[in-house]
Amino acid sequence: MSEFDKDLKVGDLLVVTCEKGFFKVEKVEQRFYTQADLDRMGYYHPTVNPTNIKVGDEYTSIIHCRRVAKDNGTPIKHSKRIGAFEPCHVSLAREEKCIPKTIREHNETIVRLKELLQAYHP
């Protein structure tokens, strides 16, 4: 795995910048520089020094995903395979990223109020 996608694994739930919804990682495809890649880099990006990169060096993987839920969390039963993304377009779906801050704050308030009531009315 490259440094950009070393934390991703098959089965992870992702959010993607260019698509709505939640996606499940089905495959992480590693990519390695070929001579053709280095030739193109020298031609299209003359400021890049291709001598620092060698044939066989790894670069960003392609993340193959399937949409498993809409952006509101509604599951999708029969999703079609949805393309491949580079790691810069994906992020692991974590609670703090998916649940709006206000909902979390309301839930924390409810817990505090329940604790307060329990303390005075056991």
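Since every read-out is calculated from the coordinates, none of them should be taken as a lab result. As the structure is a computational prediction, the values presented were derived from the model and not from experiment. Methodologically, a virtual Cβ is constructed for each residue, glycine included, from the backbone with ideal geometry; neighbour enumeration extends over all protein chains shown.
Things worth noting here:
- Between Arg40 and Tyr120, the simple spin-label model (points 7 angstrom out along Cα→Cβ) gives 6.8 nm.
- Panel order for Phe22, Phe32, by other beta carbons found within 10 Å of each beta carbon, from fewest to most: Phe32, Phe22.
- Each label was represented as a point 7 Å from its Cα along the Cα-to-Cβ direction; for Glu105 and Tyr59 these points are 4.4 nm apart.
- Using a Förster distance of 35 Å, the FRET efficiency for Gln30-His78 (Cβ separation, nearest 0.05): 0.75
- Rounded FRET efficiency, nearest 0.05, which uses the C-beta distance separating Leu13 from Asn52 and R0 of 30 Å: 0.25
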